[in-house]
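Q: To start, I am sharing the structure in question, which I have written as C-alpha cells.
The values are calculated or read from the model by the stated rules, or taken from the named source; none is laboratory data. None of these values were measured; they are calculated from a predicted model. So basically every Cβ, Gly included, is an ideal-geometry build from the backbone, and we count neighbours across all protein chains shown. In case anyone asks, the SASA skips ligands and DNA or RNA and just uses the protein heavy atoms, side chains included. Shrake-Rupley method; radii C 1.70, N 1.55, O 1.52, S 1.80 Å.
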Amino acid sequence: MIQLDKQYEPGEVEKRWGKFWEEKNFFHADETRESSAFSIVIPPPNITGRLHIGHAFNNTLQDILTRWKRMQGFNALWQPGTDHAGIATQNVVEKQLHAEGTNRQDLGREEFVRRVWKWRDESGGTITGQLKKLGCSLDWERDRFTMDEGLSKAVREVFVTLYEEDLIYKGDYIINWCPRCHTALSDLEVEHQDTQGHLYHLKYPLKDSEDFLVIATTRPETMLGDTAVAVNPEDERYQGHKGKKLMLPVLNREIPLIEDGYVDTTFGTGALKVTPAHDPNDFELGQRHELETINVMNPDGTMNSLAGSAYEGLDRFECRKKLVADLKESGVLVKIEDLNHSVGHCYRCRTVVEPYLSKQWFVDAKTLAKPALKAVKDGSIKIVPKFWENTYFDWMENIRDWCISRQIWWGHQIPAWNCGDCGEIIVARETPESCTACSSKNLVQETDVLDTWFSSALWPFSTLGWPEKTESLKRFYPTSVLCTGFDILFFWVARMIMMGIKFMGDVPFKDVYIHALIRDAEGQKMSKTKGNVIDPLEVMEKYGTDALRFTLAAFAAQGRDIKLAEDRIEGYRNFCNKLWNASRFVFMNLEDYKGSCVLDNTNTLSKPDRWILSRLNQATKDVNEALEAFRFNDAALTVYKFIWNEYCDWYIELAKPKLSGSPEERAATQNVLIHVLDSALKLLHPFMPFITEEIWQKLPQNENSIMVSAFPEFQESQTDEEIEKEMQVIMEVITGIRNIRGEMNLNPGLKLNVLIKTQNPEIQKSLLDQVDYIRELARVERMEAGSNIEKPKVSASSVLGEMDLIIPLEGLMDFEEERNRVEKELKKIEKDLIFLDKKLSNPNFVKKAPAEVIEKDEHRKTSLSEKQAKLEIHLKTIKQGLC
RNA sequence: GGGCGGGUAGCUCAGUUGGGAGAGCACCGGCCUUACAAGCCGGGGGUCACAGGUUCGAGCCCUGUUCCGCCUACCA
C-alpha cells in the first residue's frame, strides 16, 4: 500500500520528475509526426539573464499552454533559445575586463569577441538551468542562440535582401548616441524621463547692430554648433529683421536668421537657435534651409575642437557649466528659468543620450509596416487583450525608420564591405573577394554590428531553420501563439510581424497574448537598485515551484499590473498540501483496490458519485474554455475550487460512509475517488506539473507520465443536472444544520436530532434516501422528514427553500441566541422583500423585462414571504420561551 | 500634447455578452470530527472613485470630473 507523508515536500520531488521528463524526451516535438501542430517560440532571454519574476511569469504561462496542448494530443513545440543581447552582454564583459585592469581596446576586437564567446559558454546557460527548474517543457534539443551559425546566416540573408530592395540604406542622420556605450541607439532604446532642467535665455546680437534677439535653450553647450536662428514667418515681433545676420556669441561666427513655420511662436521668445548636428528638428530645418552642420562633440561626449579652444576636451556637462558662467559674465545670459522637460537616457546604462549626427544604417520601416499593420487589422493576427491593438496601430502608423547599426563589437557584423580604392559599398551574402566596381582587393568590412533586435525579429523562422526549407518550418510555422509582456511590443513583436510577413509570406503567429508586468507589493517596478526584487528561485525554494507557478497563473488576469503578494503564494502552497492530503486519504483506502483509473461500471454509482462526476465534467469544460481564451486565472481558479471546495470539502466526506459500506459500495467509491482524482490531477497538471506527476505516478495506471496522458474533455452525457439539484438540497440541509450549531454555540461533538417538514414528496424521498450522509456530515442522531411534522416548542428552526429545518433542543436551548439568529435572518428577508416589491410594482419593469426575469423575481418573492411568515411564528415561540 | 489601463471588503485581486457583488489573506466564534492545524465548521465585513446620462434595471454601456500607473511625442 502506498503511504504518503503528512506534508508535501516539493524539493526532492521536483528534481526527480524534472530529470525524468528530460530523460524520457517528453519535451521533444517531432516534425515528422502527423498530428496537428501547436507551437510557441520563447521570448529568448538574454544570455546575461538570471531568471527574474517576469521570466517566471512569462514562461509559466507558455508552459501551461504547451503542456495543455500536448496533453490534448497536439504535436506541441515550445522552441527554446537565448539572445546574444549585444550591448548588455558587451557591458557585462567590459565590466569584467575593467575589474581585471584592462579594457576591450587593449584586447582588440577579435580577442574581445573571443572573450565574450568564452563568457557565454561558461555563464550563458544559467537561465536555461533555471527554466528547467521552473518545469518548462521546452524542446531542448532545438535550443538556439541568435549568434549560432544558422541564425547568423538568416540575418545575412535578410540584411542583403532588404538592401537589394532598397529597404535598408546607409546615411547621415541624427540618431540617439550613448556616449558611454559609444554607440547609436534606436528611438525605442531611449528611455524618456521627466527631468527638472533649466531654460537658458541668451542674447544673440544682430550683425552690425546694437540690437539682439533672445533665444532659449535647454542645452546651451550646443550653441557652439549653431548655424542659424529661426523664427516663424508669421511672428510679428521679427518682421523687421528679415534676412539679417546674427553673430553667434562666444565664437563670433556669423549665422543667418531664417524663417520656418516649424517655430512655435508661443514657446520661449519665439526665436529658435538651430543646431543641425545636435538636434533632430534642427537637422530637418538645416536640410530645408541648406545650413551647414557643425558637430561640436566627440563620440565620448566631450567637446571637440570646433567648440572652441576654451571648451575643447571638456565633458558636455562641464562645458555647460563653464559656458553658462562665461555667458553670465559677458552679459549674454538674460535669465535662467526652471523647466520640466523629458530627457532621453540609454536603456542599457542610463546615461543621458545625445542627439548626434552620424553615418548609420537604417531599415525602411514604413514600407515593412504596411502589411504588418494590415495583418492585425484584418484579424490574421489577434492581439489579446484587444486594447493593445490600438497601441500597436498607433505606433505602426507613425513608425519611423529603424536605426540598426551599433558601434559595438558583440553582434552580427554588418555584411557590407567598403572598397578602399573606389569607395564602393558591397553588400553580400558571402565575403567578397574583390570590389565589384574596380576589382580592387582592398576591401574592409563595415565595423558596425546590427541591433540585437534585428536578429530577434527573425526568431520565429530562423529558429526553425530558415533560410533552409526545413520540415520543421513546414510543420511549425506560423507558430500558434506568442506570449510576452507589453514592454517589448514594439521592440520585438511588431518587428517579428514585419519580418515574418516579408520573408515567410505569412504571419509569424496567429495570436499574441500580452500579459502585464509584475510589480512588488507596493506597485513599484522591481529593480535591483530599489532592492525590491522577488527572486523566483528563492520563492520556489520556500514554497515549491508549483505554488509559484499557480500563483502566477492565478494573477494573470487581463488588465492591470500584478502586485505580487507573498501570502498568495503561501495560500497556493497550502493548496498543494491540501491536494497531497486528499490523495493521501485516497491511497489509505486502496489496499484492497483492484481496478484502474477508468470508470468501468456506472450502474453501481451512488448519488454523490454521480454528483462529483457531473461537477468534474463542468470543471473540465470551464478549464478548457478559459485556456482557449487565455484566461489563465479563470482556469486556475476553476481547478482550485473543484479540488478544494467540491472534491475535498464534499465528495471525500460523502465517500467516507460508503467506504465502510458493502464491498460493492466500497469498490464503486474507490473507483470514483480514483477516477476523479486522476482527472483533477490532469486538469491541474499544466499549472502544477510536479506535484501532479508525483501523485499520479502512484495511481494504478500504466502510462508513462501524466504529461503525455490525455487531457480531460467535456462530455455532454456526463452532465447530470438532476443529481446536481438533488445533492444541492442535501448539502443545503447539512449546511443549515451546521449553521444553527455554529450560531448557537452548540458543541460540535453533540449529536442532534433533526426534523424536516416539507410538502414536496420528492424531497422527502431524497432526504430519507440520503439520511446517512446527513447524519455523518452534520452529526445527526435521528432525522425525520415528512409533511406532518409537529414542531416542538423548544427548538431552533430555519427555512431552506421548500423545507422547514427544525432542531429540537429541549434542555439545550439558548433562547437569546436563537432570537438573535432569527431576527438577523428576518431583517435580511425584509430588506430583500422591500426591494423586490418595489421592482415588481414598477409597471415598466413588468411590461419590459423578459418574462423569465420577472418570473424569477416573483418566485423569489413568494418563497421569501413564506419564509418570513414561518420565521415570524418561530420567533413568537422563542419570545414565549424567553419569558 | 496624444493614447491606454486601473480605482470593487482592512489587504491583494476576480467579476466573459446589463438581471440587486465573489475568492484568498486578515478578522471574530467554535473544533486535534483517525487525509490535511499549511486543517475543519460557522460568522461579520462593500454608497463597486465622484457626478450626470441611457435603460424597466448599471460594477458592467455613454459623457464629464478626479486620483494612480503606463506607453507615446520633433515642448527649443
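Q: Within the stretch A:454-473, can you find the residues that are among the aromatic types (F, W, Y) and modelled with pLDDT of 95 or more? First the steps, then the outcome.
A: So in the stretch A:454-473, the residues among the aromatic types (F, W, Y) come out as A:454, A:459, A:461, A:466.
Of everything in the stretch A:454-473, those that are among the aromatic types (F, W, Y) and modelled with pLDDT of 95 or more turn out to be A:F454, A:W459, A:F461.
Q: Still on this structure: Checking the conditions here, which among A:E646, A:E625, A:E591 is in a helix (DSSP H, G or I) and farther than 30 Å from A:K386 by Cα? Break it down into steps so the answer makes sense when it comes.
A: Numbers: A:E625 fails: farther than 30 Å from A:K386 by Cα; A:E591 fails: in a helix (DSSP H, G or I).
On inspection, the qualifying residue turns out to be A:E646.
Q: Taking into account only those residues within the stretch A:486-507 that are more than 17 Å from A:L188 (Cβ to Cβ) and in contact (Cβ under 8 Å) with a residue 60 or more places away in the chain, which is farthest from RNA strand B (Cβ to nearest atom)? Talk me through it step by step, then tell me what you get.
A: Filtering the stretch A:486-507 down to residues more than 17 Å from A:L188 (Cβ to Cβ) leaves A:500-507.
Cutting the leftovers down to in contact (Cβ under 8 Å) with a residue 60 or more places away in the chain gives us A:501-503, A:507.
On the way: A:I501: 22, A:K502: 22, A:F503: 25, A:V507: 22 Å.
Here the answer is A:F503.
Q: Among the listed residues A:D194, A:D166, identify the single one that is away from RNA strand B (no atom under 16 Å from the Cβ) and either in contact with a Pro (Cβ under 6 Å, 6 or more places away or on another chain) or acidic (D, E) (or both).
A: Answer to the selection: A:D166.
Yes or no, residue by residue, for (1) more than 8 Å from RNA strand B (Cβ to nearest atom); (2) farther than 21 Å from A:H198 by Cβ:
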site	(1), (2)
A:T217	no, no
A:G225	yes, no
A:P256	yes, yes
A:Y262	no, yes
A:P299	yes, yes
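Q: Still on this model: Out of all the residues in the stretch A:517-526, is one or more over 15 Å from the mean Cα position of the chain (by Cα) and of a type in the set (D, E, K, R)? If you could, list the steps in order and put the result at the bottom.
A: Here is the first cut: in the stretch A:517-526, the ones over 15 Å from the mean Cα position of the chain (by Cα) are A:521-524.
After this cut, where a residue has to be of a type in the set (D, E, K, R) as well, the list is A:522.
Yes - at least one qualifying residue is present in the stretch A:517-526.
Q: So A:L683 passes all but one of these: (1) more than 14 Å from RNA strand B (Cβ to nearest atom); (2) of a type outside the set (D, E); (3) more than 26 Å from the chain's Cα centre (by Cα). Which condition number does it fail?
A: Just one mismatch for A:L683, condition (3).
Q: Identify, from the list A:L246, A:L188, A:L251, A:L206, the residue that is within 15 Å of RNA strand B (Cβ to nearest atom), over 33 Å from the mean Cα position of the chain (by Cα) and farther than 20 Å from A:K359 by Cβ.
A: On the way: A:L188 fails: over 33 Å from the mean Cα position of the chain (by Cα); A:L251 fails: within 15 Å of RNA strand B (Cβ to nearest atom); A:L206 fails: within 15 Å of RNA strand B (Cβ to nearest atom).
Step by step, each of A:L246, A:L188, A:L251, A:L206 is checked, and only A:L246 is within 15 Å of RNA strand B (Cβ to nearest atom), over 33 Å from the mean Cα position of the chain (by Cα) and farther than 20 Å from A:K359 by Cβ.
Q: Looking only at the stretch A:136-161, which residues are closer than 27 Å to A:P536 by Cβ and either assigned to a strand (DSSP E or B) or free of Cβ contacts under 8 Å to residues at least 40 places away in the same chain (or both)? Don't jump to the end; show me each part of the working.
A: First pass over the stretch A:136-161, keeping only residues closer than 27 Å to A:P536 by Cβ: A:136-147.
A:R144, A:F145, listed by residue number.
Matching residues to (1) at pLDDT below 90; (2) not charged (D, E, K, R):
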| position | (1), (2) |
| --- | --- |
| A:H182 | no, yes |
| A:L185 | no, yes |
| A:D194 | yes, no |
| A:Y200 | no, yes |
| A:K203 | no, no |
| A:E210 | yes, no |
| A:P220 | no, yes |
| A:A230 | no, yes |
| A:R237 | yes, no |
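Q: Do you know which residues across the stretch A:272-296 are open to solvent by 10 Å² or more (accessible area, probe 1.4 Å), of a type in the set (A, V, I, L, M) and near RNA strand B (Cβ under 10 Å from one of its atoms)?
A: A:L272, the sole residue that qualifies.
Q: Out of all the residues in the stretch A:814-821, is one or more polar (S, T, N, Q), exposed (fewer than 14 other Cβ atoms within 10 Å of the Cβ), modelled with pLDDT under 95 and more than 10 Å from RNA strand B (Cβ to nearest atom)? Quick ask: steps written out before the conclusion?
A: Within the stretch A:814-821, the first condition is being polar (S, T, N, Q), and the residues that meet it are A:820.
Next, from what is left, pick out any that are exposed (fewer than 14 other Cβ atoms within 10 Å of the Cβ): none.
No; the residues of the stretch A:814-821 include none that is polar (S, T, N, Q), exposed (fewer than 14 other Cβ atoms within 10 Å of the Cβ), modelled with pLDDT under 95 and more than 10 Å from RNA strand B (Cβ to nearest atom).
Q: List the number of the failed condition for A:Y773; all other conditions in (1) touching a residue at least 40 places away in the same chain (Cβ under 8 Å); (2) farther than 21 Å from A:P761 by Cβ; (3) within 16 Å of RNA strand B (Cβ to nearest atom) hold.
A: Unmet for A:Y773, out of (1) touching a residue at least 40 places away in the same chain (Cβ under 8 Å); (2) farther than 21 Å from A:P761 by Cβ; (3) within 16 Å of RNA strand B (Cβ to nearest atom): (2).
Q: Ok, one more. Can you name every residue in the stretch A:40-54 that is out of contact with any Pro (no Cβ under 8 Å at 6 or more places or on another chain) and assigned to a helix (DSSP H, G or I)?
A: The answer is A:G54, and nothing else.
Q: Considering each residue of the stretch A:540-551, count those that are of a type outside the set (K, R), assigned to a helix (DSSP H, G or I) and either surrounded by fewer than 21 Cβ atoms within 10 Å (Cβ to Cβ) or within 12 Å of RNA strand B (Cβ to nearest atom) (or both), and give that number. Reasoning before the result, please.
A: First, pick out the residues of the stretch A:540-551 that are of a type outside the set (K, R): A:540-541, A:543-548, A:550-551.
Narrowing the set further to residues that are assigned to a helix (DSSP H, G or I) leaves A:540-541, A:543, A:545-548, A:550-551.
Still in the list and also either surrounded by fewer than 21 Cβ atoms within 10 Å (Cβ to Cβ) or within 12 Å of RNA strand B (Cβ to nearest atom) (or both): A:541, A:543, A:546-547, A:550-551.
Number satisfying all stated conditions: 6.
Q: Give the residue, chosen from A:S798, A:S787, that is in contact (Cβ under 8 Å) with a residue 24 or more places away in the chain, within 21 Å of A:N760 (Cα to Cα) and within 13 Å of RNA strand B (Cβ to nearest atom).
A: Working: A:S787 fails: within 13 Å of RNA strand B (Cβ to nearest atom).
On inspection, the qualifying residue turns out to be A:S798.
Q: Keeping to the stretch A:474-487, report how many residues are at pLDDT 90 or above, assigned to a helix (DSSP H, G or I) and within 18 Å of A:T60 (Cα to Cα).
A: The number of residues fulfilling the criteria is 0.
Q: For the stretch A:843-860, state whether one or more residues are buried (at least 16 other Cβ atoms within 10 Å of the Cβ) and either more than 10 Å from RNA strand B (Cβ to nearest atom) or touching a residue at least 24 places away in the same chain (Cβ under 8 Å) (or both).
A: no
Q: Give the residue that is most open to solvent (accessible area, probe 1.4 Å), with candidates limited to residues of the stretch A:1-39 that are among the β-branched types (V, I, T) and assigned to a loop (DSSP other than H, G, I, E, B). Lay out the reasoning, then the answer.
A: From the stretch A:1-39, those among the β-branched types (V, I, T) are A:2, A:13, A:32; that's our starting set.
With the extra rule that they be assigned to a loop (DSSP other than H, G, I, E, B), the set shrinks to A:2, A:32.
Values: A:I2: 62, A:T32: 90 Å².
Taking the candidates together, the pick is A:T32.
Q: Which one of A:F555, A:F575, A:F632, A:F587 is within 21 Å of A:R67 (Cα to Cα), in contact with a Lys or Arg (Cβ under 8 Å, 6 or more places away or on another chain) and more than 6 Å from RNA strand B (Cβ to nearest atom)? Lay out the reasoning, then the answer.
A: Working: A:F575 fails: in contact with a Lys or Arg (Cβ under 8 Å, 6 or more places away or on another chain); A:F632 fails: in contact with a Lys or Arg (Cβ under 8 Å, 6 or more places away or on another chain); A:F587 fails: within 21 Å of A:R67 (Cα to Cα).
After ruling out the rest, the residue left standing is A:F555.
Q: Ok, one more. A:G268 is checked against (1) away from RNA strand B (no atom under 15 Å from the Cβ); (2) in contact (Cβ under 8 Å) with a residue 24 or more places away in the chain and fails just one. What number does that condition carry?
A: Against the list (1) away from RNA strand B (no atom under 15 Å from the Cβ); (2) in contact (Cβ under 8 Å) with a residue 24 or more places away in the chain, A:G268 comes up short only on (1).
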